[in-house]
1. Which one of these is among the aliphatic types (A, V, I, L, M), within 21 Å of residue 162 (Cα to Cα) and buried (at least 17 other Cβ atoms within 10 Å of the Cβ): 98, 68?
2. Would you mind listing the helices (runs of 4 or more DSSP H) fully within the stretch 31-98 where at least 1 residues are within 30 Å of residue 128 (Cβ to Cβ), in the same structural domain as residue 122 (by TED's automatic domain parsing) and at pLDDT below 85?
3. Here is a check on your reading of the model: is residue 139 farther than 17 Å from residue 191 by Cβ, of a type in the set (Ser, Thr, Tyr) and surrounded by fewer than 24 Cβ atoms within 10 Å (Cβ to Cβ)?
4. How do the pairs read when you match residues in the stretch 218-232 that are without any contact (Cβ under 8 Å) to a residue 24 or more places away in the chain with residues anywhere that are in a helix (DSSP H, G or I), using Cβ under 8 Å and keeping only pairs 6 or more apart or on different chains?
5. Out of 125, 136, I need the residue that is modelled with pLDDT of 90 or more, assigned to a loop (DSSP other than H, G, I, E, B) and not small (Gly, Ala, Ser). Which one?
6. Quick check, is residue 170 outside any helix (DSSP H, G or I), assigned by TED's automatic domain parsing to the domain that holds residue 196 and either more than 15 Å from the chain's Cα centre (by Cα) or not hydrophobic (A, V, I, L, M, F, W, C) (or both)?
Amino acid sequence: MRHEPSVTVLVVFVAVLLAPSGCKDKETAQQERIDALIEELEDSDAYVRRAAAEDLVKIGQSAIPTLIKAFNSKAYYVRFYAARAAGEIGPVAVPHLIEALNDNDQEVRYGATGALGRIGPQAKDAVPLLIKALKDEASNVRSGAAWALGRTGAATEEVAAALVDILSDKQLSPRTRQHAADALGKIGLATKAVVLALAKALKEEDWNVRHSVVKALGKIGPAAKAVVPALTEALKDPNRIVRAAATTALEKIQQQPSDAATTGPAEK
């Protein structure tokens with residue numbers, strides 16, 4: 001006996017045949033959205049560019065290949081926002097961000113430092129160029145490099161020495177030196193040179209620098225016991241935020257075990 005196809009099967013078959021050939025799958029639609037957002041990075045309005053970068057971050061890993069292509073844009077602000085978005089998405093962009101550290105435009109180099117810092121320890125391959133960027137001609141790039149180094153987790157003497165040089169150079173901006181102090185605290189390598197440089201910086205004129213120095217000493221812990229007298233003086237600092245930080249730092253230095261490592265990474 002011959003069986004006829006059911007009505008349901010026929011309807012589905014016809015519907016598939018009649019479906020528009022241009023029907024977009026989710027992947028195609030997403031790529032078109034990514035391309036549209038990349039175009040918005042070229043908008044003359046900074047707000048539109050920033051919003052587009054934020055939307056690209058929300059898309060995630062799927063946007064990385066297109067963002068990497070945008071690194072070659074002739075417009076510096078496209079390269080800047082592309083670098084920042086790629087950094088917030090993840091480590092797959094690290095090799096391209098390393099290249100961006102050599103870009104001719106300082107804003108792109110600055111964007112690359114921020115992106116690498118956001119990636120953190122997975123951006124360790126960028127450490128040599130970040131150290132080099134500490135001597136960049138642009139102040140914001142130097143500051144960004146110091147900030148990024150503190151977040152890579154690269155607790156090496158080379159990194160510490162480079163940051164000490166920045167902290168000790170009074171010709172540099174307070175912001176750059178503040179970031180250097182923050183970074184020294186984060187990597188926590190308590191060498192004699194680091195502790196001495198931080199101790200000297202307790203007398204800085206800018207309270208933001210003093211604040212970062214005090215916090216860094218607290219993170220180093222018992223290895224910074226030699227600066228307890230200077231930190232005690234910081235309890236009289238004219239800035240209440242510095243005074244409060246000094247109180248906390250002294251507690252950390254004096255309460256942690258005395259046999260803690262003196263050269264290893266301190267508390268993060």
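1. Matching residue, one of 98, 68: 98.
2. 64-70, 76-89
3. yes
4. Close Cβ pairs (under 8 Å, with a partner that is in a helix (DSSP H, G or I)) amount to 232/246; 232/250.
5. Residue meeting the stated conditions: 136.
6. The answer is yes for residue 170.
The values are calculated or read from the model by the stated rules, or taken from the named source; none is laboratory data. This structure is a prediction, so every number in the text was calculated from the model and none was measured. Using ideal geometry, Cβ is built from the backbone for each residue, glycine included, and neighbour counts are taken over all protein chains shown.
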